[in-house]
Amino acid sequence: MQILDGKKTSLQIQDEIRDEVIEIKASGSRPPHLVAILVGDNGASETYVRAKVKACKRVGFESTLIRLESNVSQCELIAIIEKINNDENHDGLIVQLPLPTHIDEKIVTSTINPNIDVDGFHESNLGKLMLNIPSFLPATPYGILELLKRYKVETSGKHCVVLGRSNIVGTPISLMMSRNKFPGNCTVTLTHSKTKDLVQITRQADILIVALGKSEFINSDMIKSGVCIVDVGITRVKSNKTKNGWKLLGDVNYDNVKEKCSYITPVPGGVGPMTIAMLLKNTLSSFRKDFLV
Ligand code: GUN
């Protein structure tokens, strides 16, 4: 069994980006600039956004974190987004999800200028993904592809089973794994809450991508020997064994399945850090205007 080390790979990618930023600055240009908007005080979101800002510093990007009270109105939030949309000095804008329930995430996401939508959540960028037109790819599925690519995991002709059909992970990764390229060329089965005989399907997977948000859902009875497992789940549970009082659990019971796998991503240290690396990569692409329409 080989661990797909997302932490190490993310740091490698960040080093590559840092080298490019050094060149950008040496040419007299300003560095790429990412703006993150965080609404309310969701503990998990707070942790993710802090990690994104820290990664920006590491690679030499400028970053701005805009914190808004949980009772901010949708109109106020949209007005702030529109101001950033029209500022030439910002290359990336993300609004951390989830948002408080009085705010419509779809409306907010579609307000972001698609040319700086480095999360790749805008309908224009998701539509381009569907049509195989170069665009900002959502950072988590993009990170999964990059991890499989750098570890040279064979994907062609394999059966890839995806658990969960979210717009952010399950649906886009299903498309990406079916593409005629590497990684890709898989036969993909996308499963969800109404899927019948799930275990019969997961047992057929050569590559199993689990994005359910149900901690330790997958165990060794549900997989075949030699499977490559990508665990996207990150559930925070209270723990008296860690310094900050929380521990992170994946959607896969790691200790239970690891002997049966060819490859596996750990939690933490797997897909999470890759998401951050690909967000930075998208911000660099935006700075370079790679996908401008
Ligand atoms: N919430 C969970 N994952 C993400 C992500 O990749 N981007 C944003 N903006 N919010 C998230």
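Throughout, read-outs are computed from the coordinates displayed, never taken from laboratory work. Everything numeric in this text was worked out from a predicted model, so none of it was measured. Neighbour counts are summed over all protein chains in view; Cβ atoms, including those assigned to glycine, are modelled from backbone coordinates with ideal geometry.
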So, first residue closer than 9 Å to Val252 by Cα in region 208-232, second residue in a strand (DSSP E or B) and of a type in the set (D, E, K, R), Cβ within less than 8 Å, six or more apart or across chains; the pairs are Val210/Asp231; Ile218/Asp231
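What do you reckon, is Val59 touching a residue at least 24 places away in the same chain (Cβ under 8 Å), more than 30 Å from Asp206 (Cα to Cα) and either among the acidic types (Asp, Glu) or within 11 Å of the ligand (Cβ to nearest atom) (or both)? Walk me through it before giving the result.
Working: touching a residue at least 24 places away in the same chain (Cβ under 8 Å): yes; more than 30 Å from Asp206 (Cα to Cα): yes; either among the acidic types (Asp, Glu) or within 11 Å of the ligand (Cβ to nearest atom) (or both): no.
When the stated conditions are applied, Val59 does not pass them.
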Residue check: is Ile264 away from the ligand (no atom under 16 Å from the Cβ) and more than 20 Å from Lys7 (Cβ to Cβ)?
no
Of all the residues that make up region 91-149, how many are within 10 Å of the ligand (Cβ to nearest atom) and at positive phi?
1
Enumerate the pairs (first residue in region 275-287 and within 18 Å of Val169 (Cα to Cα); second residue anywhere and of a type in the set (Gly, Ala, Ser) and outside any helix (DSSP H, G or I)) with beta-carbon separation below 7 Å, excluding pairs fewer than 6 apart on the same chain, so at least 6 apart or on different chains.
Asn282/Gly92; Asn282/Gly120
Looking at region 179-195, is at least one residue under 19 Å from the mean Cα position of the chain (by Cα), touching a residue at least 60 places away in the same chain (Cβ under 8 Å), under 28 Å from Asp104 (Cα atoms) and not in a helix (DSSP H, G or I)?
no
If you go through region 247-274, how many residues are part of a strand (DSSP E or B) and either basic (Lys, Arg) or free of Cβ contacts under 8 Å to residues at least 12 places away in the same chain (or both)?
1
Within region 5-53, can you find the residues that are outside any helix (DSSP H, G or I), over 17 Å from Lys281 (Cα atoms) and within 16 Å of the ligand (Cβ to nearest atom)?
Ile37, Leu38, Val39, Gly40, Asp41, Asn42
